[in-house]
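Notes follow the structure.
Bear in mind that the values in this text are calculations on the coordinates, not laboratory data. Source: prediction; values computed, not measured. Here the Cβ positions follow ideal geometry from the backbone for every residue, glycine too, while neighbour counts run over all protein chains shown.
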Amino acid sequence: MKPIILLFFLFCFVNVYASEECPNEKAFLDNGWIVHSEKEFDKILEEKLSEFVPEVGTNLVLDDAESYISDFSHDCYLIMWVMIWDRVSTVRDEMWGDIVLSRTCPYTGEYTEIRWYDPVTKKKHIVYNPEHACCLTTKVPLAYNTMF
């Protein structure tokens with residue numbers, strides 16, 4: 001009987017833990033971000049790359065690049081390469097860096113997360129790749145006009 005009770009409590013604990021929101025989701029939402037469903041990642045990635053790539057070198061310039069480890073990746077050794085792109089047409093104090101593309105590093109180069117600022121609606125967006133992460137990354141921007 002004891003193993004059945006133990007299994008029952010273990011099952012309940014796993015269900016409660018699994019049903020919790022991503023710990024940082026509330027922080028992003030409270031800071032005005034639009035958090036997209038991870039189920040839309042592939043569709044959004046395709047749309048955003050089609051939009052961003054033609055602007056590289058003209059309206060989009062690489063602002064910064066760094067490696068980063070998220071607490072919420074499926075692989076605790078996954079290193080992500082974060083590239084922050086600045087849209088020249090956006091007023092500097094309105095947003096410092098308009099697009100953040102995170103990729104697995106150094107092996108496969110698959111996208112792990114996308115963040116972008118829409119200068120028309122003045123909204124910040126974020127979506128993560130559920131193949132590599134189980135939640136939004138741990139880096140919640142401290143300033144209202146930064147992406148990372």
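Pick from Gly32, Gly57, Gly97 the residue whose mean-square fluctuation is largest in a GNM of the chain, springs joining Cα atoms under 10 Å.
The residue with the greatest mean-square fluctuation here is Gly57.
What ranking do His125, His132 get, fewest neighbouring Cβ atoms within 10 angstrom at the top?
His125, His132
Going through the cross-link list Lys48/Lys139; Lys26/Lys124; Lys43/Lys139; Lys48/Lys124; Lys26/Lys139, which pairs have a Cα-Cα distance over 19 Å in this structure?
Lys48/Lys139; Lys43/Lys139
I want to verify a result. In a Gaussian network model of the chain, Cα cutoff 10 Å, which of these has the top mean-square fluctuation: Phe28, Phe52, Phe72?
Result: Phe52 has the largest fluctuation of those listed.
Counting other C-beta atoms within 10 Å, and keeping those with at most 15, which DSSP coil trypsin sites (Lys or Arg not before Pro) do you find in the range 100-148?
Qualifying residues, ordered by number: Lys122.
Can you show me the helix-derived [θ] at 222 nm for the chain, built from DSSP H runs with n ≥ 4 at -39,500 (n - 2.57) apiece and divided by the number of residues, rounded to the nearest 500.
About -7500 deg cm²/dmol.
To the nearest Å, what is the center-to-center distance of the range 111-147 and the range 85-104, using C-alpha atoms only?
The range 111-147 and the range 85-104 have Cα centres spaced 11 Å from each other.
By how many degrees, between 0 and 90 and to the nearest 10, does the Cα long axis of helix 2-19 differ from the longest principal axis of the chain?
20 degrees
Figure the gain on full extension for Asp118 and Ser67 (residue separation times 0.36 nm, minus the Cα-Cα span) and round it to one decimal in nm.
15.9 nm
Could you work out the relative contact order of the range 23-128? I mean the mean sequence separation of Cα pairs under 8 Å and 6+ apart, divided by the number of residues, in percent.
25 percent
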